[in-house]
Structures are given as C-alpha cells and as structure tokens.
Amino acid sequence: MTALAAHVPALVVVNLLMCSYIMPVLARWKKHLCIPVALGSVSFSFILSIFLTFQVSRQGAFSYALGGWAAPWGIEFVVDHFSVFMLLTLTGVGLLILVYATEDLIHELKQDVVGWYYTLYLLLMGSMVGLALTNDLFNLFVFVEICAIASCAIISIKENRECIEASLKYLILSAVGSGGMLLGIAMIYMVTGNLNFTYVTEALPQAFELYPRNIMVAMSMFTAGIGVKAALFPLHVWLPDAHSSAPSPSSAILSGLVIKIYAAVFIKIFLRMFPWDVYETVPLMTIVLIMSSVGIVVGSMFAIVQEDIKKMLAYSSVAQIGYVFLGIGLLSQNGTLGGILHIFNHALMKSMLFMSAGAIIYSTGVRRISDLKGIGTKMPLVMSVFSIGAFSMVGIPMTNGFISKWYLAIGALDVDKPLYVAVILLSSLLNGVYYLPIVVNAFFGEGKESVTVHHKLPWKMTLPLIILASAIIITGIFPKLMLGLADKAVMFLLN
Amino acid sequence: MIEILSNLLHNFYYLIAIILFVIGFHTMLSHSNLIKKIMGMNIMDTAIFLFFVSIGYVEGGRAPIIELGQDHVYVNPIPSALILTGIVVAVSVTAFALSLIVKIYQHYGTVDAEEIMRIRSREV
C-alpha cells in the first residue's frame with residue numbers, strides 16, 4: 001500500500017489515459033461497460049486528487065520522477081499547492097460533467113460514436129491533469145498537443161457542418177499556438193540548456209543578462225501561443241463557434257476547464273519559471289493587462305447582441321478568461337489570488353450554465369434567447385440553477401463570483417491601478433445587462449405557448465446541476481475552503 | 001549593423017529556419033484553400049523542428065554513441081530525441097485536419113474557405 005502511495009502522482013494521469021485507450025475496445029464488444037469504466041476512472045482520479053491534497057497540506061510540495069529517472073534527465077511531476085488546486089477543480093468538475101454527459105449524449109450523438117466520446121473525454125481529462133502536474137517543458141508541449149487534438153475531436157464528433165467547420169478552425173489556430181510554444185521552448189532550451197522548470201528558473205537570471213533577445217522572443221512566443229489556446233481577447237476568434245456548436249457536455253468541459261488549464265500553464269511559465277524582476281524591464285504584463293481588460297469589456301459587449309444562448313455563453317467565456325489573466329497581469333498577491341480563485345469559480349459557473357442551457361435544449365429544443373420567455377414556470381429547477389449561475393457571473397454577494405472579483409479589485413488597488421477596478425465594475429454591469437433579462441423573462445415574462453417540454457429531465461442531468469449550484473452558494477458564503485488552498489498556492493508561487 | 005549581419009551569417013541555419021517559419025505562416029494565413037493551409041502548417045512545424053535540431057548541433061560532432069576508450073565530440077542528442085516526438089505529433093495533427101477537410105468537402109462540395117463562407121452567408 002505504501003509502495004503504491006508513492007506513485008499516486010503518476011497514477012492520476014496514467015489511470016485516465018489507460019482507461020481512455022481501452023474504451024474503443026469496450027465500445028466494440030462490451031458496450032454496457034463504457035459508462036461505468038469512464039465514471040470509475042474519473043472518480044478514481046478525483047479520489048487520488050483529494051489524497052494528494054491532504055498529502056501536500058501535511059508535508060508540503062514534493063516531486064515525483066517518472067520511471068525512476070531523476071530530475072534533469074527524466075520527466076518530473078511536481079505536486080504543489082497550485083497543482084492540487086487545479087487537480088481538484090479538473091477532476092471534480094470533470095466528474096460532474098461526465099455524469100451529465102452519460103444521459104445527454106444518447107440524444108445528441110449517433111449511437112455508434114458514443115463509446116468513442118468517452119475515449120476523447122478521458123484523453124482530454126488525462127492531458128489536462130498532466131498539464132497541471134508536469135514540471136518539464138517538453139512534456140508540457142506533448143500534453144498541450146494531446147489536449148488540443150482531443151478538444152477539437154470532442155467538437156467534431158457531432159458530425160454536422162457547423163461542428164466540423166468550427167473544429168477545423170480551432171485545430172488550425174491551436175496548431176499555430178502549439179508551434180509558437182514549441183519555438184518558445186526551443187529558445188529557452190537554447191540559452192539555459194534545461195527543460196525542467198526548476199533548473200530553467202535557476203539558469204534564467206544569468207541567461208537573461210547574456211541573451212536578453214532570446215528570452216524576450218521566448219516570452220512573446222509563449223504569450224501568443226498560450227493566448228490563442230486560452231482565447232485571450234484578440235486571439236479568441238475560434239472560441240464562439242467552437243464552444244457554441246459542440247455537444248453540451250463538450251461545451252461545458254471546453255469552456256469550464258480547457259481554456260482554464262492554459263491559464264494555469266501561463267501561471268506556471270510566467271509566474272513560476274520566469275523571475276518576477278524580468279517584468280520590470282519587459283512590459284509583458286502590461287500587454288497582458290491591456291489584452292485582458294479589453295477582452296473583458298468587448299467580450300461582454302459581443303455577448304449582449306447574441307441571439308443564441310450557447311453563443312452568448314461562449315462570448316461570456318471570452319470575457320471571463322480575461323479576469324483570470326487580469327489577475328495574473330496585476331503581479332500582486334491579492335490579484336494573483338483572485339485570478340487563481342476565478343479559475344475554480346468560473347469552472348463551476350460556466351460548466352453549470354452550459355449544462356443548464358443543454359438541459360433546456362434537451363427538453364424543449366429551444367436555443368433562441370427570445371423564445372425562453374416564461375420557461376421558468378415549465379422548468380423551474382433548471383431555470384433556478386441558471387439564475388444562480390447568472391447571479392454569480394454578475395458577482396452578487398453570497399455567490400462565489402463575488403469573492404474572486406473582490407480579490408481582483410483589492411489586487412488592482414494594491415498595485416495602484418484603480419483603472420482596472422473600473423473595468424471590473426463596468427463588466428459586472430455588462431454581465432447584468434445580458435444575464436438578468438434572461439432570468440427575469442424566464443420567470444415573469446409572458447410565455448408563448450409554442451414552447452413545450454418534450455422530455456422530462458433524468459436525474460443524471462439534474463444531479464450535477466444541483467451539486468454545482470449548491471457548490472456556488474457554499475463557496476460564496478464560506479469561501480475559506482478554496483480560498484485557503486488558493487492562498488497557499490499563491491504563497492508557493494511567490495517564493 | 002555589420003555585427004548583426006555577421007552574427008546572422010554565423011548562425012545561418014537559424015535564419016533559414018525562421019524564413020521557412022514565416023513562409024509557412026504566410027501560406028497558412030493568406031491561402032483560402034484548406035489543403036494549402038494544412039501544407040503551410042506543416043512547413044511551419046518543419047521550420048521549428050529544424051530550428052530545434054540545429055540547437056543541438058556541435059561543429060564536427062558525431063552521433064552520440066559512446067565507444068570505450070575513444071574521445072570524440074558528440075552532438076547533443078536531446079533535441080533530436082524531442083523532435084522525433086514532435087514529428088509524430090505533427091503527423092497526427094495533419095491526419096486529423098485532413099480528415100476534417102474530407103468531411104467539409106462532403107458537406108459543402110468545396111475545400112475553399114471563402115467559398116464556404118459564401119455558401120454559409122447565402123443560407124442565413
């Protein structure tokens with residue numbers, strides 16, 4: 001037992017990848033086993049993540065050498081407060097989305113590809129968990145590529161025209177992004193001679209004096225590469241089509257988790273690997289701040305004019321990822337804390353909103369926002385859950401959206417940049433402009449009789465919604481739980 | 001100025017890799033034919049691979065196979081090993097992209113991005 005406990009960091013990833021590989025076999029011969037195996041694998045990773053969280057809080061950060069090859073030669077996984085924070089978010093929300101998917105997919109996909117969907121889902125989960133843990137630049141690149149292919153495939157699996165087209169657009173743009181990241185890795189390797197984050201960090205201050213140009217090119221390549229993948233504002237063009245046309249569980253995982261994991265990669269590279277005093281000479285973080293705050297405002301404005309509910313949610317993601325990058329760009333303790341916390345909070349909110357939109361489409365077939373009038377009386381549960389998500393998006397106290405915005409605002413004031421507080425306030429108002437009318441119209445609007453509920457929602461679809469909604473309220477009223485973990489993560493990054 | 005030029009001349013393989021990168025990037029952005037876009041993507045990837053491999057090159061070095069008692073200069077094997085992985089990744093991305101293009105051709109009857117935009121805008 002103790003021998004196995006030492007290998008938990010590898011098991012979290014390997015378990016998901018292995019189950020993903022046997023899924024096509026199961027889909028071919030033992031179809032009824034697909035769902036239990038997929039659920040079991042993600043829950044196993046969730047349990048292991050909780051185990052790792054306890055281990056980290058007891059003994060502090062530790063590293064794991066894959067295959068027994070020690071750090072500079074082999075690939076290293078580092079389990080620290082930040083990676084367990086990401087692990088809990090990924091596996092917890094991923095498990096709930098999977099529970100929802102088991103029911104929803106039967107109606108959205110062709111029968112013979114449902115098994116393949118779990119392959120892609122587990123592959124995507126595995127690569128994201130790997131990204132959260134890895135401490136090696138090239139390993140990071142490999143996981144990024146797995147993540148990119150899996151997330152494109154999870155869109156195109158619904159073989160209609162919009163999905164294929166959106167998926168190809170996403171694939172081409174994210175290939176450019178990965179190319180940029182690989183070039184950045186090459187530049188870093190060129191001047192430091194290492195791929196391991198820890199060793200690169202040691203070598204960077206000296207390398208920066210000798211070869212500042214290389215490092216600057218590497219920084220810009222990383223920013224552009226990760227920016228494309230995380231849909232940072234001017235590079236977000238692929239996101240609305242991809243996230244709105246995909247099957248609902250895919251939209252939930254793509255908007256809730258996949259774009260967040262790239263923000264986490266950004267944190268790993270720019271806050272942990274590069275020394276912070278670099279930013280005094282290179283105005284990178286100012287650029288990130290401008291991009292993210294323009295993204296926050298413009299993303300919300302685009303969202304206001306959308307007619308399709310999933311497209312509106314997708315544009316709202318463009319705005320919300322801006323908050324995460326705003327927090328990173330502020331380079332203050334509270335700002336970073338707000339950014340990291342928003343990764344978790346937005347993962348809860350956005351996956352829940354996409355799933356409730358999916359539930360509405362599942363039951364009534366309605367996608368247009370103007371047709372949603374009066375739907376609150378017909379689907380009270382889904383619309384109450386949607387309202388909680390909407391309130392949290394606006395940042396009303398008692399919901400978790402308020403907590404992260406609060407820390408972002410404090411962080412902006414800490415470094416004397418009150419302009420960004422204004423940006424946060426403005427975007428909260430804009431969020432209210434497009435979320436609240438939906439809620440008000442759903443409950444108090446005069447409904448057309450044409451909207452009818454065709455299917456009753458099965459419990460597998462309502463349960464994740466209820467859990468996520470209560471998690472939003474609970475972490476809004478008692479923020480200590482995740483805040484403590486995020487606070488330790490920030491402390492770890494600062495050292 | 002002369003210093004920059006002589007630096008470029010000394011590291012001409014980096015320069016060529018970057019020129020290839022720009023060619024690939026430009027092909028990818030400016031052509032509306034989807035197949036050509038994928039070709040551009042591959043040229044771009046190859047440029048990065050060349051760049052990465054040339055980092056590991058040591059003047060006069062040979063393949064890193066250690067013979068006992070002999071004292072040779074070896075090239076750095078790590079970039080080559082990494083790029084083998086990179087090539088596999090690039091091949092799979094290309095295969096996936098081409099299969100998506102086949103599907104697009106089935107739906108639209110063309111592989112031209114502008115033509116597809118025209119068809120879509122006519123429908124709305």
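The values are calculated or read from the model by the stated rules, or taken from the named source; none is laboratory data. Owing to the predicted nature of the structure, the values given are computational and were not obtained by experimental measurement. Quick reminder, even Gly has a Cβ in these numbers, built from the backbone with ideal geometry, and neighbours come from all protein chains shown. Please note that ligands, DNA and RNA were not included when accessible areas were found on the heavy atoms of the full protein model with its side chains. Shrake-Rupley method; radii C 1.70, N 1.55, O 1.52, S 1.80 Å.
Quick look at the values:
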{"item": "Pick from segment A:11-41, criterion open to solvent by 10 Å² or more (accessible area, probe 1.4 Å) and of a type in the set (Gly, Ala, Ser), ranking: nearest to A:Leu120 (Cα to Cα)", "result": "A:Ala27"}
{"item": "Set B:Ile2, B:Ile23, B:Ile43, B:Ile19: member being of a type outside the set (Asp, Glu) and under 9 Å from the mean Cα position of the chain (by Cα)", "result": "B:Ile43"}
{"item": "Condition met for A:Lys460 (open to solvent by 80 Å² or more (accessible area, probe 1.4 Å), of a type in the set (Lys, Arg) and in contact (Cβ under 8 Å) with a residue 12 or more places away in the chain)", "result": "no"}
{"item": "Subset of segment A:189-203 (residues that are facing another protein chain (nearest Cβ under 10 Å) and out of contact with any helix residue (DSSP H, G or I) (no Cβ under 6 Å at 6 or more places or on another chain))", "result": "A:Tyr189, A:Gly193"}
{"item": "Selection within segment A:420-447 - farther than 30 Å from A:Val288 by Cβ, in contact with a Lys or Arg (Cβ under 9 Å, 6 or more places away or on another chain) and surrounded by 14 or more Cβ atoms within 10 Å (Cβ to Cβ)", "result": "A:Asn441, A:Ala442, A:Gly445, A:Gly447"}
{"item": "Residues satisfying the stated conditions in segment B:28-58, i.e. hydroxyl-bearing (Ser, Thr, Tyr) and away from chain A (no Cβ under 12 Å)", "result": "B:Ser30, B:Ser32"}
{"item": "B:His10 at pLDDT 85 or above, open to solvent by 30 Å² or more (accessible area, probe 1.4 Å) and either farther than 30 Å from B:Val102 by Cβ or more than 9 Å from chain A (Cβ to nearest Cβ) (or both)", "result": "no"}
{"item": "The listed residue being among the small types (Gly, Ala, Ser) and farther than 26 Å from A:Lys460 by Cα, out of A:Gly389, A:Gly335", "result": "A:Gly335"}
{"item": "Enumeration of residues in segment A:166-203 that are closer than 28 Å to A:Asp277 by Cβ, in contact with a Lys or Arg (Cβ under 8 Å, 6 or more places away or on another chain) and free of Cβ contacts under 8 Å to residues at least 60 places away in the same chain", "result": "A:Gly177"}
{"item": "Condition broken by A:Gln206, with the remaining ones in (1) part of a helix (DSSP H, G or I); (2) touching a residue at least 12 places away in the same chain (Cβ under 8 Å); (3) away from chain B (no Cβ under 11 Å) satisfied", "result": "(2)"}
{"item": "Residue match in segment A:241-248 (condition: among the charged types (D, E, K, R), at pLDDT below 90 and within 30 Å of A:Met461 (Cα to Cα))", "result": "yes"}
{"item": "Selection count, segment B:65-111, where residues are more than 12 Å from chain A (Cβ to nearest Cβ), crowded, with 16+ Cβ neighbours inside 10 Å and not aliphatic (A, V, I, L, M)", "result": "1"}
{"item": "Residue match in segment A:81-98 (condition: in contact (Cβ under 8 Å) with a residue 12 or more places away in the chain and over 30 Å from A:Ala486 (Cβ atoms))", "result": "no"}
{"item": "Test result for B:Gly56, among the small types (Gly, Ala, Ser) and under 20 Å from B:Ala95 (Cβ atoms)", "result": "no"}
{"item": "Unmet criterion (only one of (1) open to solvent by 10 Å² or more (accessible area, probe 1.4 Å); (2) in contact (Cβ under 8 Å) with a residue 24 or more places away in the chain) for A:Ile396", "result": "(2)"}
{"item": "Which numbered condition B:His10 misses (of (1) in contact with a Gly (Cβ under 7 Å, 6 or more places away or on another chain); (2) over 22 Å from A:Ala175 (Cβ atoms))", "result": "(1)"}
{"item": "Test: residue in segment A:68-82 that is charged (D, E, K, R) and farther than 22 Å from A:Ser45 by Cβ", "result": "no"}
{"item": "Condition check for A:Ser387: buried (at least 17 other Cβ atoms within 10 Å of the Cβ), more than 25 Å from A:Val453 (Cα to Cα) and either among the polar types (S, T, N, Q) or at pLDDT below 85 (or both)", "result": "no"}
{"item": "Filter result for A:Ile477 (farther than 20 Å from A:Val394 by Cβ and in contact (Cβ under 8 Å) with a residue 24 or more places away in the chain)", "result": "no"}
